[in-house]
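As structure tokens, the structure follows; a few thoughts come after it.
The values are calculated or read from the model by the stated rules, or taken from the named source; none is laboratory data. Only a predicted model underlies this, so the values are computations on that prediction, with no experimental measurement involved. As a convention, Cβ positions derive from the backbone with ideal geometry for all residues, glycine included, and neighbour counts pool all protein chains shown. Ligands, DNA and RNA are stripped out before the accessible areas are found, and what is left, the full protein with its side chains, is counted by its heavy atoms. Shrake-Rupley method; radii C 1.70, N 1.55, O 1.52, S 1.80 Å.
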Amino acid sequence: MRESVATEADDHATPTTEITTAILSVQGMTCAACSGRVERALRRTLGVEEATVNLATERASVRFWPDAIARADLDQVVRDAGYEVIDIAEKSEAATPDRNDAEKEARECERKALRRRLWLAAGFTLPIVLLDMGAMLVPPVHEALMALLPIQTGRYVFFALASVVQFGPGLRFYRTGWAAVRHGAPDMNTLVALGTSAAYGYSVVATFVPSILPPGANHVYYEASATVITLILLGKYLEALAKGRTSEAIRSLLRLQPDTARVERGGRFVERPTAEVVVGDRVQVRPGERVPVDGTVVEGRSFVDEAMLTGEPVPVEKSEGDEVVGGTVNQAGSFTLRATQVGADTVLQQIIRLVEAAQGSKPAVQALADRVVAVFVPVVLVIAAATFAVWLSVGPDPALTYALVAAVSVLIIACPCAMGLATPTAVMVGTGKAAQHGVLFRRGEALQTLTEVEVVALDKTGTLTEGRPTLTDVAVAPGFEEDEVLRLVAAAEARSEHPIAEALVRAAEERGFAVPTVAGFTAEPGFGVSGTVGGRAVIVGADRFMAQQDLDVGVFEVDAARLADEGKSPLYAAIDGQLAAVLAVADPIKDKTPEAIRALHSLGLRVAMVTGDNEGTARAVATHLGIDDVRAEVLPADKADVVRALQDEHRRVAFVGDGINDAPALAQADVGVAIGTGTDIAIEAADVVLMGGDLNGLVRARSLARATLRTIRQNLFWAFAYNVILIPVAAGVFYPLTGTLLSPVFAAAAMGLSSVFVLGNALRLRRCSPAS
């Protein structure tokens, strides 16, 4: 997405005209401190307007001025921070198979590397555990081993085994941990490196120069350092597997586009890669196949399953002239389409871009976690140092041993991995699940805001109704003929894009009238149109437009009141300065609208309708649907003011609309919800898009948003509670009561389990069935 903006990159640069967004695939981040460091490094870079880093997706979204910094320089900023960037051809917001394949390959390589390190660490750790700790649990075995393997010899063996683990699989913690320290932002790797080094280093001293230790402190902890590294690697491996499953929604969407298409070449249809299809190509779709690209049916008839768009598994009939979308499934018949959108321009790719953008953004609830993580690791280092000092000064003999065990346990157990994964994993799964149900969250922040909405304001035409009005009544004044009035009115409206204008033109054509050309056409949004047809001045519009022209509509007062009571929209026509007729159009209410209104009420929401219709028509529709609040005769430019007024009365407002004139109101609302069958401008201004075109999608959206936010809060509670509770335990505050300290081995296991728990909890959203 690009925005036209004028600014200066620096004091000496000329103004640039575009701000660009780049998506970087960052490798090597292990915790919230890592993603925070990358984010801060990018934000501090000259020319970068905004940067957001997502630990779960392992992506950085960067908005930057190309005149101030080159795209390649952003990669270097990340590398200088101590992380790697996947070098891929496609570096934009669009999701492509190539980019996703590159990222998938990189993640698979990382998983394989983790698996190799895990097996190596486990292979060398297991003998230490069995020979040292395991043998102690069975006294006869312990005595036999002592006879075969003297204590000092055993320590040499443990030293050799632990050294392989410490500087083989464990080397990754030193590399990234040291890089973090160099950049002034110690992270999870720093904690692990410090903790295991302390246990290992203490053991080396006890093995080779025990005389420098205080009496009674000659103990070794090789099993602790090796086991901690092994368990942390196990946790990271399980975490990598789970993180792969959280991004399944994007991969599922990418799989919807077939690899090949039957394209017309030289007068016959041949199989070609979908990537080779260009706009204008004729493409044949056979029964059971997925539509490869967006297009218009030019031959044939069939039923198409559009569940990927709407979330509804009901096939839709398609015939010549109908639009079809790439990724949908052809059912019974066969048809030929002419490609209108291919590659990154297809609806499917737009959906994927919206899902990715939402997955990379942060709900407000994440702000607290970000602030805590920013200072968390330095605070942990201080706590560990204080723990060591306290135990060394007041602990029982051997005080140095107790101090070491407590400090190492604090360092290991305090990893902020779970904090960093709590929100993004839930957002990833929740937005992906929503996309499968025809709901697109364009911004992740809308997940939280939608759950806080108290009022839903609805545009009428195209939202509550089909958006295809039809002419129902024509009443003419004395001296005018109905057919002639309709012919002139249709001519005046022919150049208007309003749905009511289309209804009038369609009615004239259905009666067989030849619609003449209008001259001097002008349109006033919210009022009406005027022009000259065959030398006659024609004005068509609402009663307020007639009043503006000093025309009294009182002669049609009874007719207008009756039409409004029937839920029809009356409008007036004046010819040559005389009021000629009152016409009425009716826009059928969508079949699912009443059900959706009832569902919104059941959620405790107040429903308001905002429309340009006159008061009588609006209230008739509202009464039929059970709508709580009616704002009628609202001009397009004033819709945003109505939303603002509702916000003054209530805390949070969602606005649902589909037209160009709804864009300001969508932007003003706390949550803008666009009907996916509406205009691109409305969709761009919205936070949520309902691809199905009916309001039940809003009910599904709120249900999924509540489930996602509930999961985020559970995850954050677990992540914070884990550290709040277990850091004091690791520090030994309960030692006076229990007489035992938490082993670093159990601290490592608990740390790994916390991340796996958070990921597992987020994955439960995949089984969520939204209400509709």
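Need pairs with beta-carbon distance below 6 Å; first residue without any contact (Cβ under 8 Å) to a residue 40 or more places away in the chain and within the range 520-540, second among the aliphatic types (A, V, I, L, M) and open to solvent by 50 Å² or more (accessible area, probe 1.4 Å); sequence gap 6+ or separate chains.
Taking only residues 6 or more apart or on different chains, the pairs are V529/A523; T532/A519.
Test of understanding: among E454, E509, which residue is under 30 Å from R702 (Cβ atoms), open to solvent by 60 Å² or more (accessible area, probe 1.4 Å) and modelled with pLDDT of 85 or more?
Working: E509 fails: under 30 Å from R702 (Cβ atoms).
Of E454, E509, the one residue that is under 30 Å from R702 (Cβ atoms), open to solvent by 60 Å² or more (accessible area, probe 1.4 Å) and modelled with pLDDT of 85 or more is E454.
Among the numbered criteria (1) more than 21 Å from A507 (Cα to Cα); (2) in contact with a Lys or Arg (Cβ under 7 Å, 6 or more places away or on another chain), which one does D591 miss?
(2)
Can you report the number of residues in the range 193-207 which are open to solvent by less than 10 Å² (accessible area, probe 1.4 Å), more than 13 Å from I229 (Cα to Cα) and of a type in the set (G, A, S)?
Total meeting the criteria: 2.
Please go through the range 172-187 and give me each residue that is open to solvent by less than 10 Å² (accessible area, probe 1.4 Å) and not in a helix (DSSP H, G or I), ordered by number.
D187
Residues that are over 24 Å from T451 (Cβ atoms): list the helices (runs of 4 or more DSSP H) wholly contained in the range 565-651 that include at least 3 such residues.
615-625
Could you check T449 against (1) at pLDDT 85 or above; (2) buried (at least 24 other Cβ atoms within 10 Å of the Cβ); (3) closer than 30 Å to A632 by Cα and say which number it fails?
In the conditions (1) at pLDDT 85 or above; (2) buried (at least 24 other Cβ atoms within 10 Å of the Cβ); (3) closer than 30 Å to A632 by Cα, T449 misses (2) alone.
Considering each residue of the range 495-532, count those that are closer than 15 Å to L471 by Cα, within 41 Å of the chain's Cα centre (by Cα) and of a type in the set (A, V, I, L, M, F, W, C), and give that number.
Selection size over the range 495-532: 3.
Kindly provide the set of residues from the range 598-644 that are among the basic types (K, R) and closer than 13 Å to A665 by Cα, ordered by number.
Those that are among the basic types (K, R) and closer than 13 Å to A665 by Cα: K639, R644.
Just one of the numbered conditions (1) under 19 Å from H498 (Cα atoms); (2) without any contact (Cβ under 8 Å) to a residue 12 or more places away in the chain is not true of A618; which one?
If we test A618 against (1) under 19 Å from H498 (Cα atoms); (2) without any contact (Cβ under 8 Å) to a residue 12 or more places away in the chain, just (2) comes out false.
Pull up the range 457-477, narrow it to residues that are open to solvent by 40 Å² or more (accessible area, probe 1.4 Å) and of a type in the set (S, T, N, Q), then point me to the one that is farthest from R487 (Cα to Cα).
T461
Given the criteria surrounded by 16 or more Cβ atoms within 10 Å (Cβ to Cβ), polar (S, T, N, Q) and under 17 Å from V379 (Cα atoms), does T190 qualify?
So T190 fits the description; yes.
Which one is modelled with the lowest pLDDT, of the residues in the range 34-57 that are open to solvent by less than 10 Å² (accessible area, probe 1.4 Å) and among the aliphatic types (A, V, I, L, M)?
Out of the qualifying residues, it is A56.
Among the listed residues G612, G657, G672, identify the single one that is under 33 Å from the mean Cα position of the chain (by Cα), among the small types (G, A, S) and within 26 Å of T470 (Cβ to Cβ).
Unique residue meeting the criteria: G657.
Considering only the range 683-772, give the helices (runs of 4 or more DSSP H) lying wholly within it that have at least 3 residues that are touching a helix residue (DSSP H, G or I) at 6+ places or on another chain (Cβ under 9 Å) and crowded, with 17+ Cβ neighbours inside 10 Å.
The qualifying helices (runs of 4 or more DSSP H) are 696-731, 744-763.
Is it fair to say L118 is modelled with pLDDT of 60 or more and in contact with a Phe, Trp or Tyr (Cβ under 9 Å, 6 or more places away or on another chain)?
On the way: modelled with pLDDT of 60 or more: yes; in contact with a Phe, Trp or Tyr (Cβ under 9 Å, 6 or more places away or on another chain): yes.
It is true that L118 is modelled with pLDDT of 60 or more and in contact with a Phe, Trp or Tyr (Cβ under 9 Å, 6 or more places away or on another chain).
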